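Report on the structure given below.
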Amino acid sequence: MAADKSINSVSEGMGLEIFGENGQRQRRPRPALTHREAARETPVFVETDVLVIGGGPSGTSAAVAAARLGADVTLVERYNHLGGLSTGGLVIWIDRMTDWSGTQVIAGFARELFDRLPKEAVMGPPRAEWGSKDAATADYWSYRSAAFQNIVTWSPTIDPEALKTLSMQLMVENKIRLTLHALAVQPIVEGNVIKGAIFESKEGRHAVLAKIVIDTSGDADLLTRAGVQSHSDIDTTDIHHCMNTAFMLGGVDMERWTEFRRSNKQGFSDFMKRGRDKLKYFEKPFFSWRPDIGLFMGPRLSGYSAVNVEDLTEVEIKSRQLTVGHLEIYRAEAPGFENAYLLLGAPQVGVRHSRRFAAERMVTRAQWDEGKVWDDEIGVSTSLAPKWNNISVPYSSLLPLGIEGALGAGRHVACDASSHTFLREIPQCWMTGQAAGVAAALAANAGIAPRKLDARSVQRELLKQGAYLSPSVASAAGIMEAAAE
C-alpha cells in the first residue's frame, strides 16, 4: 500500500460525516420507557474495615495509608491497572509538588513514589535546582514542563508502566485486597450511613460491607447516588473543565523539535496556525520521560459531561480523529516527527471536572488572597502563582454533607470552581487520598464516624507518614519534632 494511502489518514475511515453541522455527534433519542427489575439477594463478596472505590491516584494513596495503620482494606477498581489518569489516562506530566521557594509541600505518598520509581522512569530537574530562578536553567526546564513563572519546579514526567508496577507492588506489600475489573455501581445506605457498596463484574453483582467507605471515583459516583449534594459549576472560559483522550507518538526526536521551537519562533507559530486551520483543535507535544516519545495532553474538547455516556463516547470518537490528524500533520511538517507513529491512545478518557461534593468546608478563591490556614488542615497545595501563599486544605473538605461513614478524596474534593483548577491535579489527589485513608483507618479502628475524629489525630498520623503541613498547624498540634523527622 502506498504511504499516502495509509489507514492512519483522517480522510479515509475516520471522517467527520457522523457529526452534524453543530459539530455534535448525531444521536438517537432515548425512549421514554422504564424496565422494572425484580428484587434480588446480592451475595456479600467481603466484609472489610475500609472500602476504597476507585484505584486512581487518590484511591491508591488512600488504600496504602489506611493499611499502614492496621486497617483491613479493600480497593475496587474498574480497569486492569492502578494509577487512574496518572497511568491509564497518560497524564504522565505530574504537576508541581514544590512551592515557589522550591520546598516540596506535596510529600508523603507522593515523595515515596518518586523515591521508589526507577531513575530511568522519571524525567525532571534534580533536587538542587528546585526553586531556581537562574534564567538559563528555568528556560531549559520550561520546555520540559518543569519551570513556571521563570522558576524551576518539581513537576516531573514519568513512565506510566513503571508507576503501574509500583502501585501494584504497594498493594501486595500492604496486604490490600485488590479487586480489578469491577465497577462500583451503588452505595449500601442504612438511614444516613453508608455501610458499603454494590459492584458488578464478570461474576455479576456482589456487595462489600465496610465500616468506612472512601469515594475516590473521581466523579463522586457513590456519594452522589447516596444523596450527597454536588456542584458542577464551571468557568466556561477556562480549559480546566475540558475532556479528551491523550496520546503518545513514538519514533520522534523531541530535542530537535524543541530546538525548532526555541530558534524559529515564527516557524513554530506558523506551523501551529496551519494545524489549527486543518483540524481546528491542535496541540503541541510535551516531553515524556524519554526523548523519542512525544506526549499530547489534548486537544481539549469543551461542552461535554463526564457523567453522560453518550458524551463520553463522542469525546472518544473525536479524540481518535484528532489523534490521527495530529499524526499526519506532524509527520508531514514538524522537525523531529518525520518517522513518528502512533504509540498509544490512552485507555482512559482524560476527565478534568464533573462533580465536586458538598462538605462542611471547602477551598475557595477568597482563601488564596487571605492566605488562610485551616486549623484542621490535612495538606498543602502549591498556588498558581508566586503572589499567593500555599493553599491550605481542611480535613472537613473530605467530609460529605448529609451522610456518615464516608469520606471523599481526589478530583471531586469539596472546593469552588476556581480552586478546582489545581486541586484536581495528580499530586493533590495523592495528598487528599492519603489524608482520607488515614482518617478512615482511625475511624474504623475507633468504631466512630470520620466526622467525630479529632483532626489533630489525623495530622499526627499524616506527619508520621511523611506528609507536609503548614508549620503553624504542626506547631499547634505539638508535633513539630515529628514533622522535622
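Carbon-plus-sulfur accessible fraction, region 333-485 (probe radius 1.4 Å, protein heavy atoms only): 50%.
Max-minus-min Cα coordinates of region 302-385 on each principal axis give 55, 34, 20 Å, with the largest extent listed first. When the alpha carbon coordinates of the chain are projected onto the principal axes, the ranges are 67, 62, 41 Å, largest first.
For LEU407, the residues 5 or more places off, or on other chains, whose built amide H falls under 5 Å of its own are VAL213, ILE214, ASP215.
Straight Cα distances below 20 angstrom link LYS195 to the lysines LYS211, LYS452, with same-chain residues fewer than 8 positions distant left out. Once backbone amide H atoms are built at 1.01 Å from N, VAL105 has THR98, ASP99 as its partners under 5 Å, excluding neighbours fewer than 5 places away on the same chain.
For region 87-128, the share of accessible area belonging to carbon and sulfur comes to 52 percent (1.4 Å probe, ligands and nucleic acids excluded).
For region 338-353, backbone phi angles converted through the Karplus equation (6.51, -1.76, 1.60; θ = phi - 60°) give residue-by-residue couplings of 4, 10, 5, 9, 6, 7, 6, x, 4, x, 10, 5, x, 9, 9, 7 Hz, Gly and Pro being listed as x. Sorted on the mean count of surrounding Cβ atoms within 10 Å across their residues, most packed first, peptides 198-204, 120-126, 63-69 read 63-69, 120-126, 198-204. Across region 200-327, C-alpha contacts under 8 Å between residues 6 or more apart give a mean separation that, scaled by the residue count, equals a relative contact order of 28 percent.
Taking all protein chains into account, the per residue accessible area for region 239-298 stands at 45 Å² (1.4 Å probe).
In this structure the amide hydrogen of LYS195, modeled in the peptide plane, comes within under 5 Å of the amide hydrogens of ILE188, VAL189, GLU190, none closer than 5 places in sequence on its chain.
For the peptides 218-225, 313-320, 470-477, the ranking by mean Cβ contacts within 10 Å, running from highest to lowest, is 218-225, 313-320, 470-477.
Contact order for region 373-441, expressed relative to its length and based on alpha carbon pairs under 8 Å spaced 6+ residues apart, stands at 28 percent.
Surface analysis of region 174-218 yields an accessible area of 47 Å² per residue, using protein heavy atoms and a 1.4 Å probe. Averaged over residues, the count of other Cβ atoms within 10 Å places the peptides 28-41, 379-392, 254-267, 167-180 in the sequence 379-392, 167-180, 254-267, 28-41, highest first.
Counting only protein heavy atoms and a 1.4 Å probe, region 342-485 has 33 square angstrom of accessible area per residue.
Partners of LYS265 within straight-line reach, counting lysines whose Cα lies under 26 Å from its Cα and excluding those fewer than 8 residues away in the same chain: LYS133, LYS273, LYS278, LYS280, LYS284.
For region 72-81, backbone phi angles converted through the Karplus equation (6.51, -1.76, 1.60; θ = phi - 60°) give residue-by-residue couplings of 7, 10, 10, 10, 10, 9, 7, 8, 9, 8 Hz, Gly and Pro being listed as x. Normalised by the number of residues in the chain, the mean separation of alpha-carbon contacts (under 8 Å, six or more apart) gives a relative contact order of 21 percent.
The values are calculated or read from the model by the stated rules, or taken from the named source; none is laboratory data. Quantities reported herein were computed from a predicted structural model and do not represent experimental measurements. Methodologically, a virtual Cβ is constructed for each residue, glycine included, from the backbone with ideal geometry; neighbour enumeration extends over all protein chains shown. Areas reflect the complete protein model, heavy atoms only, side chains present, ligands, DNA and RNA absent. Shrake-Rupley method; radii C 1.70, N 1.55, O 1.52, S 1.80 Å.
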